[in-house]
Each structure stands twice: as structure tokens, then as C-alpha cells.
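Enquirer: Please see the structure below; I have some questions.
Values in this text are rule-based calculations from the coordinates and carry no lab data. Keep in mind the model is a prediction, meaning the values are calculated, not measured. Ideal geometry is used to build each Cβ from the backbone, glycine not excepted, and the neighbour counts take in all protein chains shown.
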Amino acid sequence: MIHALTLILACQLAGETLTRLMGWPVPGPVLGMALLFALMLASPRIAALVIPTGEGILRHLSLLFVPAGVGVVGHVQMLGTQGAVILLALVLSTVLALAVGAGVFVIVARLTGAREDG
């Protein structure tokens with residue numbers, strides 16, 4: 001497990017380093033994840049090493065939301081004054097994300113020639 005965690009963090013560090021050195025507008029962890037994915041595709045041995053650790057991390061993903069919850073509790077007074085605006089932004093962004101996702105799905109379905117089976 002320690003080897004897999006080291007590999008995951010090394011890929012994240014490589015992604016961070018590349019994005020900062022090259023000035024790319026891509027988050028370093030995203031580039032690191034792409035690098036890890038490429039390594040896993042290239043080597044089944046690496047995939048076999050990383051998959052159990054990744055599944056373990058995903059099982060405990062809710063722990064990563066604790067800092068966000070603490071941040072919300074730490075700024076409760078702001079929720080009182082800005083709550084309506086924050087709620088409006090959340091609702092509108094959710095609706096917009098769903099609409100864009102549905103639109104992209106429809107466009108891709110048309111481009112790929114997917115037929116409608118009733």
C-alpha cells in the first residue's frame with residue numbers, strides 16, 4: 001500500500017511541477033491523474049498495485065469533505081448575511097450544469113448517429 005500511495009503522490013507532484021513550470025492552466029493534480037492513468041494503461045502491474053489502494057481511498061472519500069464542513073461552520077455568520085445569494089448561486093449552477101450535460105449528450109447522440117428506440 002505504501003508503494004501505491006507513493007506512486008499516486010509522485011504522479012500528483014509531477015503534474016503540479018509540470019503545470020507550474022510550463023504555466024499551463026490545468027490543475028496539477030488533474031495532470032498527475034492523467035499521468036497515473038497512462039502508467040496504469042501501459043503497465044498492468046502498476047494497475048494491479050494502485051487499484052486496491054485507490055478503492056480504499058474511495059471507500060473513505062467522505063473524510064475529505066470534513067474540512068469543507070468545518071469551513072462552513074467557521075463562517076456561519078456569512079451564511080446569515082449572504083445565504084440567499086449563495087443558495088441562488090448553488091441552484092442556478094446546478095440547473096445550468098444539468099442543462100449543459102443534457103445538451104452535450106443530445107449533441108453527441110446526434111453526431112454518433114444514435115437512434116431512438118422507443
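Enquirer: Under a crude label model (7 Å from the Cα following the beta-carbon direction), how far is residue 30 from residue 16 in nanometres?
Expert: Label-label distance for residue 30 and residue 16, simple model: 1.8 nm.
Enquirer: Using 5 Å bins from zero, what percent of all Cα-Cα pairs in the chain falls into each bin?
Expert: 2, 9, 10, 11, 11, 14, 17, 14, 8, 3, 1
Enquirer: May I ask which residue of 75, 1, 97 lies farthest towards the positive end of the charge dipole of the chain, with charges of +1 (Lys, Arg) and -1 (Asp, Glu) on Cβ and the Cα centre as origin?
Expert: 1
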